[in-house]
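Undergrad: Got a structure for you, written out below as structure tokens; questions coming shortly.
Here, each number is a calculation from the coordinates, and none is a lab measurement. Here the structure is a predicted model, which means the values were calculated and not measured. Cβ sites come from the backbone with ideal geometry, for glycine too, and all protein chains shown count toward neighbours.
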Amino acid sequence: MFTYLQKLLGKPIKYYEMLMQSKSEHATITQKDRDRLYEQLKAHELNAIVYTEKREVYNILIPSYVNEIPVNKKGEPMLFKGSFILNNQLLTLFVDDKLPFNDSTSCRLIVNNIDEWCIPIKEIIEKQENISCRSLPIWEEVIHRFPSIHKLIVSINKKHPWTLYKETTEFMKQTDYSIYLGGYPQWRINDIDFRKLKGLNFLMEYRKSDKSFSIYFFINKTTKTIAFFKQMS
């Protein structure tokens, strides 16, 4: 990873090693520095919605456009995990939690534009309990999305840039959820090649807390096909 960053931004590898090492060091971050950084971050915030595990009791209505329940490679139907609304689109999720983590046939997300026939479903979804929140990318993704913001963070606190970002954005962090809809992907671990996300828009994360894994769904801007990435922590 360090070699790639050196080629990308022209900094010595040692520079990035120091940034990563700053995570484990004790740091005192002032409110002034947090305020200064947040003023620049606000322009990049996105809206997101989170649902808790309890939400699954509402998942009783499968949209009429789903003519056939998706099945796994064994021919067994997947569990219906709910329908969601994002940017005037209806997202319907099916997951087979029993299959191994690395099985690529264990999930399917169906995306349709909301039309008149979707109104009854839309009304039910809007009545379901959820939490609206603000969203920013994880620290490791900032350097790829917003290089100028990353430079600002390092200029404010060269020894502890990660700690500065973490403390500044801590108030919007969500942990108790099964669905994270919209916003930026909240990666469990930093093992993603961010170049693979080029041309993709993030849709949602399905998080299984008791198994400590997540599935992150994206849509290709051009082909409109669905891509997903899995992580286990």
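Undergrad: Among Lys73/Lys208; Lys196/Lys224; Lys98/Lys230; Lys98/Lys196; Lys73/Lys198; Lys32/Lys166, which pairs are too far apart, with a Cα-Cα distance over 24 Å? Mind showing how you got there, number by number?
TA: On the way: Lys73/Lys208 21 Å; Lys196/Lys224 16 Å; Lys98/Lys230 15 Å; Lys98/Lys196 28 Å; Lys73/Lys198 29 Å; Lys32/Lys166 15 Å.
Check vs 24 Å cut-off fails for Lys98/Lys196; Lys73/Lys198.
Undergrad: Can you compute 3J(HN,Hα) from phi for each residue in region 77-87, using the Karplus curve 6.51 cos²θ - 1.76 cosθ + 1.60 with θ = phi - 60°, rounded to whole Hz and x for Gly and Pro?
TA: For region 77-87, the Karplus-derived couplings read x, 7, 7, 6, 9, x, 10, 9, 10, 9, 6 Hz, x marking Gly and Pro.
Undergrad: Oh, and also: Name the residues whose placed amide hydrogens come within less than 5 Å of the amide hydrogen of Asn72, ignoring near sequence neighbours (fewer than 5 apart) on the same chain.
TA: Met78
Undergrad: Shape call for region 78-233 from the C-alpha gyration tensor, a ≥ b ≥ c root eigenvalues: rounded (a/c under 1.5), prolate (a/b greater than b/c) or oblate?
TA: Working: a/c = 1.82, a/b = 1.63, b/c = 1.12.
Judged from the Cα gyration tensor, region 78-233 comes out prolate (a/c at least 1.5, a/b above b/c).
Undergrad: For region 183-212, list residues with backbone N below 12 Å from a point placed 7 Å from the Cα of Arg145 toward its Cβ?
TA: Counting only backbone N, you get 183-187, 201-203.
Undergrad: Okay, next question. Taking region 174-203, which trypsin sites (Lys or Arg not before Pro) meet the DSSP loop condition and have no more than 15 other C-beta atoms within 10 Å?
TA: On the way: sites: Arg188, Arg195, Lys196, Lys198; in loops: Arg188, Lys198.
Listed in order of number, the matching sites are Lys198.
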